[in-house]
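The values are calculated or read from the model by the stated rules, or taken from the named source; none is laboratory data. In this text, all values refer to a predicted model and were calculated from it rather than measured experimentally. Methodologically, a virtual Cβ is constructed for each residue, glycine included, from the backbone with ideal geometry; neighbour enumeration extends over all protein chains shown. With ligands, DNA and RNA removed, areas are computed over all heavy atoms of the protein, side chains included. Shrake-Rupley method; radii C 1.70, N 1.55, O 1.52, S 1.80 Å.
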Amino acid sequence: MKTKLLRITLIVTGLVCITAFTDRPVTIFLIGDSTMANKDTTKGSPERGWGMVLHEYFTDDVRIENHAVNGRSSKSFLDEGRWEKVRRRIQPGDYVLIQFGHNDEKDDPRRHTSVGSTFDANLRLYIRQTREQGGIPVLFNSVVRRNFLVHHDSSIDDESLRNTIYQDEVITSDTLVDTHGQYAEVPRMIARELNVPFVDAQRITHDLEQQLGVEGSRRLHVWYRRGEHPALPEGRQDNTHYNVFGAHEVARLLSTELAIQVPALAPYIKR
């Protein structure tokens, strides 16, 4: 009798565990830099990361955990222990969206990685460890900077753009000029090598900025003349980070592409 009761108890417990697992919402973890990260809006700042609004393009069956942080590269995100905290939370069937490159190209030794070496190795590590946890990695390359200059000033740190004020803009090209070089190509290569879904965020955002043109593309960014925004009385010229409109446009386009590259997520994405 005791044996029979034990068997029944084990069966019921197993069914409860299975039900709990299948009923658990799909979790999508985001790791990356400031273009993806959550922002402090307590003082009315208009800055938003596209990952901050991504949940609005998914059904309630999906839970978004945005762990992206301003200024981080694939190296510093690892070195600071941020990835380890995410890795421990990944459960079988979860997704991890990986987007680095903006800060890997900087000279800062705390963040810099090299194409063909440490940058590639870090992306492979994120993929391998996600899979070891039973998760599903998805690689993104970097979103573009709004750069209509033939010669990009690589000495400017993206994080310092929050300290800029409005000035007349100098434009030397009516065509958006790439600033990422091979840092945008490595994620594509690694995705092909390791059979990982890949979202070409560089191409998608390039097409968006180019379609809007030199003046229209300002509407995507924290780009305000004096007096245009109450939180930025002196204005700002930040061609890297998004405002509310820009974050939504990018999140909408990237989620649409995600449905194509990861068909299992398509039913959860709002059209």
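Measuring from label point to label point, each 7 Å out along Cα→Cβ, what is the residue 256 to residue 271 span in nm?
1.3
To the nearest 0.05, what FRET efficiency results for residue 41 and residue 245 with a Förster distance of 25 Å applied to their C-beta separation?
Values: r = 15 Å, r/R0 = 0.59.
With R0 = 25 Å, the Cβ-Cβ based efficiency is 0.95.
Carbon and sulfur together cover what percent of the accessible area of region 17-86 at a 1.4 Å probe radius?
Numbers: 1560 of 3090 Å².
On region 17-86, the fraction of accessible area on carbon and sulfur atoms equals 50 percent.
Taking the Cα centre of region 217-271 as origin and charging only Cβ (+1 Lys, Arg; -1 Asp, Glu), how large is the dipole, in debye to the nearest 20?
Working: 8 positive and 5 negative charges, 32 e Å.
Its charge dipole is roughly 160 debye.
Would you please give the FRET efficiency between residue 192 and residue 110, computed as 1/(1 + (r/R0)^6) with r the Cβ-Cβ distance and R0 = 45 Å, to the nearest 0.05? Please report the intermediate quantities before stating the final value.
Details: r = 30 Å, r/R0 = 0.66.
Computed FRET efficiency for residue 192 and residue 110 comes out at 0.90.
Expressed as a whole percentage, what fraction of the accessible surface of region 176-230 belongs to carbon and sulfur atoms when a 1.4 Å probe is rolled over the protein heavy atoms?
Values: 1290 of 2680 Å².
The computed percentage sits at 48.
Mind giving me the nanometre distance, one decimal, between the label points for residue 132 and residue 226, set 7 Å out from Cα along Cα→Cβ?
So the two model labels end up 5.6 nm from each other.
Pop a pseudo-label 7 angstrom from the Cα along the beta-carbon direction at both residue 169 and residue 207 and give the gap in nm to one decimal.
2.2
Just to confirm a number: summing +1 for Lys and Arg and -1 for Asp and Glu over residues other than residue 115 whose beta-carbon lies under 10 angstrom from that of residue 115, what do you get? Numbers along the way, then the final one.
Numbers: positive: none; negative: 104, 105, 120, 185.
Spelling it out: positives minus negatives among the neighbours equals -4.
What whole number of Å gives the distance from the Cα centroid of region 122-150 to the Cα centroid of region 192-264?
The two parts, judged by their Cα centres, are 17 Å apart.
Students sometimes get this wrong: rank 75, 106, 85 by accessible area, probe 1.4 Å, all chains present, largest first. Before the final figure, lay out the partial values.
Numbers: 75 60, 106 20, 85 145 Å².
Order by accessible area, largest first: 85, 75, 106.
With every protein chain kept in place and ligands, DNA and RNA left out, what is the accessible area per residue of region 75-154? Probe 1.4 Å, answer in Å².
Numbers: 3430 Å² over 80 residues.
That works out to 43 Å² per residue.
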